[in-house]
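Enquirer: The structure follows.
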Amino acid sequence: MHDIKSIRENPQDFDNGLKRRGLAALSSEILKLDQDWRQTTTRLQEMQSARNDASKRIGQAKAQKNDAEALRLMGEVTRLKDEMPAAEQRAKELEQTINERLGEIPNLPAADVPDGPDESANKEVRRTGQPRSMNFAAKQHFELGEALKLMDFEAATRMSGARFVLLKAQLARLERAIGNFMLDLHTGTFGYQETSPPLLVRDQAMFGTAQLPKFRDEQFGTTNGYWLIPTAEVSLTNQVRETILSEADMPLRFTAWTPCFRSEAGAAGKDTRGMIRMHQFSKVELVSITTPEQSQAEHERMTSCAEEVLKRLDLPYRTVVLCTGDMGFAARKTYDIEVWLPGQNAYREISSCSNCGDFQARRMEARYRPTGDSKGTRFVHTLNGSGLAVGRTLVAILENYQQADGSIAIPPALRPYMGGAEAIAAHGA
RNA sequence: GGAUGGGUGGCCGAGUGGUUGAAGGCACCGGUCUUGAAAACCGGCAGGGGUUUACGCCCCUCGUGAGUUCGAAUCUCACCCCAUCCGCCA
């Protein structure tokens, strides 16, 4: 949500930001509504003030038994009140319209975000690790998983339809190992607080992190008004909704390993094979709540925390900064981390780390009180990142650690979580 | 699902029609005292918005929205949320 005051003060900056995102200018339309609202409000407040004043004097007149004066004042108030309802209604309508419009406008890109229309304009900022050379043709993860008889798309489809998968035995355990490994790293080494949050949330929470109102179609909802979280970002970030924190509390760092649910509306035909794009997947999420001064450094830190997972798993990856046209709705700047998938011969997104600035905080009313200042509050900054997508990490391990015979080596960092096993043996071996 | 109780400032908690935006406590900020800290004491301290060059002035907010009234945190209605007990249940 944008600050109407900053639009008033810098309409040109606002429109420029939208333009960088490929959107039309909106400031003049918004400001026209705003001006109308302010005029209406000022007029209404004058009437309210006059009414309050007269009411007070009625009380005084009655106390002094001056019934004539009281009666006269009552008449005055009655006359005043004739005009008030219309102004009240008008002000309310305008306010609602403005809020609806503002709620559907995405965050503005940070100054150092490269301009561009789509992912082709994203900029690689670093490349880490070398794709392993294989003396055989690399297979894709679903070929490997199905050959192992441990990845069952058919059974999943029979009960749930497309975009679901059922993992078995060593692969099911591998998923658990990955999740545990990531949580241990982020809590133990990086100081994130492990959290086990609700997976069903209300409208307000989804509005807070900006899945609503614009992306309703991409969510799963229950028949009685709950939403299934599309990412733990929703639950973790909304922890601070409608609160006023102390500056000393920050930064707050939370992590959670949860299932995520996405309808994948609009993704028809994309990534239909395999488990790259599922209706349900698990992810370890990182969320930080910071002061405005801290958020930029925290963004770099968070990205490096996510990267560390890939380093420890010895998976090659590259980090890109998304261009203005490819960023998500709430982000002011985003790094994507893309892991190398030899079976696809491509880098594929495995993490997305975003600094949302105060955009979500405004929607959630998440504020803090600066130290040494007992008066006044400021909005916090919120950041979120995958640390990492667990399903896609499993995909990456399968493809990068595949052996000629179809078995999968287990990365050393995960072996303690796999009962010491060094490989997932080929079926029938 | 049934029954009851309840939603007040950062937190706890008074307050049932009239200068109450709200006692008291805690927290926080400033000060006195102290070698320093703590304690004690003194003072300050809700949020949002409009308007103003500024000082300031004004409006709104006691879950939300309607209503009664000259006037509502206080009365009425609807809704939302929370708690407890019962039922069901992992």
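Enquirer: Working carefully through the options A:Gly325, A:Gly343, A:Gly372, A:Gly357, find the one that is at pLDDT 95 or above and either more than 22 Å from A:Gly103 (Cβ to Cβ) or in a strand (DSSP E or B) (or both).
Expert: Just a single option satisfies the conditions, and that option is A:Gly343.
Enquirer: Next question. Looking at A:Ala331, A:Ala256, which one is open to solvent by less than 10 Å² (accessible area, probe 1.4 Å), part of a loop (DSSP other than H, G, I, E, B) and of a type outside the set (S, T, N, Q)? Give the steps one after another, and end with the answer.
Expert: Details: A:Ala256 fails: part of a loop (DSSP other than H, G, I, E, B).
Just a single option satisfies the conditions, and that option is A:Ala331.
Enquirer: Within the range A:70-107, take every residue that is among the β-branched types (Val, Ile, Thr) and in a helix (DSSP H, G or I) and give me the one that is nearest to RNA strand B (Cβ to nearest atom).
Expert: So in the range A:70-107, the residues among the β-branched types (Val, Ile, Thr) come out as A:77-78, A:97-98, A:105.
So of that shortlist, the ones also in a helix (DSSP H, G or I) come out as A:77-78, A:97-98.
Working: A:Val77: 4, A:Thr78: 6, A:Thr97: 15, A:Ile98: 10 Å.
For the range A:70-107, the residue satisfying everything is A:Val77.
Enquirer: Continuing with the same structure: Got a number for residues in the range A:121-163 being closer than 20 Å to A:Ile276 by Cβ, open to solvent by less than 100 Å² (accessible area, probe 1.4 Å) and assigned to a helix (DSSP H, G or I)?
Expert: Looking only at that region, the number is 12.
Enquirer: Another question about this same structure. Determine, yes or no, whether A:Thr324 is of a type in the set (S, T, N, Q) and surrounded by fewer than 19 Cβ atoms within 10 Å (Cβ to Cβ).
Expert: No, not satisfied.
Enquirer: Among A:Ala265, A:Ala330, A:Ala346, A:Ala256, which is the only one that is aliphatic (A, V, I, L, M) and either on the phi > 0 side of the Ramachandran plot or without any contact (Cβ under 8 Å) to a residue 24 or more places away in the chain (or both)?
Expert: One residue alone meets the criteria, A:Ala346.
Enquirer: Which of the residues belonging to the range A:168-226 are assigned to a loop (DSSP other than H, G, I, E, B) and open to solvent by 70 Å² or more (accessible area, probe 1.4 Å)?
Expert: A:Lys168, A:Ser196, A:Pro198, A:Arg202, A:Lys214, A:Thr223, A:Asn224, A:Tyr226
Enquirer: Among the residues of the range A:47-69, count how many are open to solvent by less than 80 Å² (accessible area, probe 1.4 Å) and outside any helix (DSSP H, G or I).
Expert: Count: 1.
Enquirer: Another question, then. Going through the range A:133-142 one residue at a time, which ones are touching a residue at least 24 places away in the same chain (Cβ under 8 Å) and either touching a strand residue (DSSP E or B) at 6+ places or on another chain (Cβ under 9 Å) or of a type in the set (Ser, Thr, Tyr) (or both)?
Expert: Hits for the range A:133-142 are A:Met134, A:Phe136, A:Ala138, A:Lys139, A:Gln140, A:His141, A:Phe142.
Enquirer: Name the one entry in A:Ala169, A:Ala177 that is within 30 Å of A:Met151 (Cβ to Cβ), in the same structural domain as A:Lys283 (by TED's automatic domain parsing) and touching a Phe, Trp or Tyr at 6+ places or on another chain (Cβ under 8 Å). It would help to see each step written out before you state the result.
Expert: Details: A:Ala169 fails: touching a Phe, Trp or Tyr at 6+ places or on another chain (Cβ under 8 Å).
The match here is A:Ala177.
Enquirer: Moving on to the next point. Which pairs do you get when a residue that is of a type in the set (D, E, K, R), found in the range A:18-46, comes within reach of a residue that is in a helix (DSSP H, G or I) and open to solvent by 40 Å² or more (accessible area, probe 1.4 Å), reach meaning Cβ atoms under 7 angstrom, with the pair 6+ apart or on two chains?
Expert: A:Asp34/A:Arg8
The values are calculated or read from the model by the stated rules, or taken from the named source; none is laboratory data. The shown structure was predicted, so the numbers you read here are calculated from the model rather than taken from an experiment. Positions of Cβ are generated from backbone atoms using ideal geometry, with glycine treated the same way; all protein chains shown enter the neighbour counts. The area values use the complete protein model at the heavy-atom level, side chains included, leaving out ligands, DNA and RNA. Shrake-Rupley method; radii C 1.70, N 1.55, O 1.52, S 1.80 Å.
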